[in-house]
1. Find the Cα radius of gyration of the chain, compare it with 2.2 N^0.38 Å by division, and give the number to two decimals.
2. Using a Gaussian network for the chain with springs between C-alpha atoms less than 10 Å apart, which of these wobbles most: LEU173, LEU245, LEU19?
3. Any idea what angle helix 133-144 forms with the longest principal axis of the chain, computed on alpha-carbon atoms, 0 to 90 degrees, nearest 10?
4. Just to compare against my own numbers: the Cα pair-distance distribution for the stretch 220-263, 10 Å bins, whole % per bin, please.
5. Counting DSSP beta bridges with both partners in the chain, what percentage is antiparallel, nearest 5?
6. Report Rg/Rh for the stretch 174-257, rounded to two decimals, where Rg is the Cα radius of gyration and Rh the Kirkwood radius.
7. Once both axes come from the Cα atoms, what is the angle between helix 163-178 and the longest principal axis of the chain, in degrees from 0 to 90, rounded to 10?
8. Return, ordered by residue number, the residues of the stretch 212-228 whose backbone nitrogen is under 16 Å from a label point located 7 Å along Cα→Cβ of ARG248.
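What follows draws every value from the coordinates through simple rules; no lab data is involved. This structure is a prediction, so every number in the text was calculated from the model and none was measured. Here Cβ is always computed from backbone atoms with ideal geometry, including for glycine, and neighbour counts include all displayed protein chains.
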Amino acid sequence: MTALEVRGLVKTYGRQHALAGVDLTVAPGELVGLLGPNGAGKSTLVKSVCGLVRPTAGTATVFGQRAGSRTARTAIGYLAELFRYPAWSTADELLRLHQRLAGSDGGAAERQRLLDLVGLPGESDRRVGAMSKGMQQRLGLAHALVGGPRLLLLDEPTSALDPVGRRLVRDVLAHLRDSGVAVLLNSHLLSEVELVCDRVVIIRTGTVVAEGAPSDLSRPRGVEVDTNTGRRVIDGLVRDDIPALVARLVADGEQVYAVRPLASTLEDVYLDAVQGQTG
Ligand SMILES: Nc1ncnc2c1ncn2[C@@H]1O[C@H](COP(=O)(O)OP(=O)(O)OP(=O)(O)O)[C@@H](O)[C@H]1O
Ligand SMILES: [Mg+2]
């Protein structure tokens, strides 16, 4: 059974079209990156799956249950893009509240484990008001993981994190995926998405414009050679052309130091998809 199945999802806010018929699936143990420009509809999609936004048309199901239903919500962990916790609340109080709301019986051990996991060990008594924004975002991730969700929806979970924090979140997500959790990750950090996601879905003005594994979406972009005459890119060649290319360069008297096939990055693919550029 799929963890998340979205079919023909449409959402209009008044006359504003946010989603124009989106299809998307996430399987258990799959990490999918949802990409798209500001205003593309990413958060609207995630909120629809949580039941926070009522779709205009189409369906979303979570492990076969209608999105927004109690059983669907029980399976979900959600980190919103813009969240504010009360400044006076401590990390421990906040997690305890969410354990109660989520019906988790993990107790102090779960709270401790989650704070350790997100890199906030020993911070259980720190008040939100005394946390940096990155610390608050880490706490938000811990909150999303309360009760061990089977589908994790993260709306830009690393936007406030330093490089070490981003690495930590990548490791946490990879571990969750390996233990069978389905993850849908909204992000603008393409290099990060490329590193961790099994599949990416790119949306633009509420429509899916590209989809696939990052490696399947990328295309050959020529071969870069570094010789005694300098470094240059030879367009139109692919990896299989390299032995003949090297033989020709050597026959021409060039000294070859390095040869590298180039492929488009996820950033190139993204720009092609959302702007029609060939980067
Ligand atoms: N509550 C709302 N009322 C009216 N319009 C809304 C509402 N929420 C979102 N929109 C509009 O719906 C569209 C999609 O917004 P959404 O927040 O889903 O985009 P996004 O892809 O998450 O963007 P970002 O990358 O900036 O977070 C935008 O045009 C936005 O202005
Ligand atoms: Mg958003």
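1. Details: Rg = 22.4 Å, N = 279, 2.2 N^0.38 = 18.7 Å.
This ratio for the chain stands at 1.20.
2. Top of the fluctuation ranking is LEU245.
3. On a 0 to 90 degree scale, this one is about 70.
4. 32, 59, 9
5. On the way: 32 of 49 bridges.
Taking every DSSP beta bridge with both residues in the chain, the antiparallel ones total about 65 percent.
6. Working: Rg = 19.4 Å, Rh = 16.3 Å.
Computed over Cα atoms, the ratio is 1.19.
7. The two axes meet at around 80 degrees.
8. Residues 222-227 fall inside that zone.
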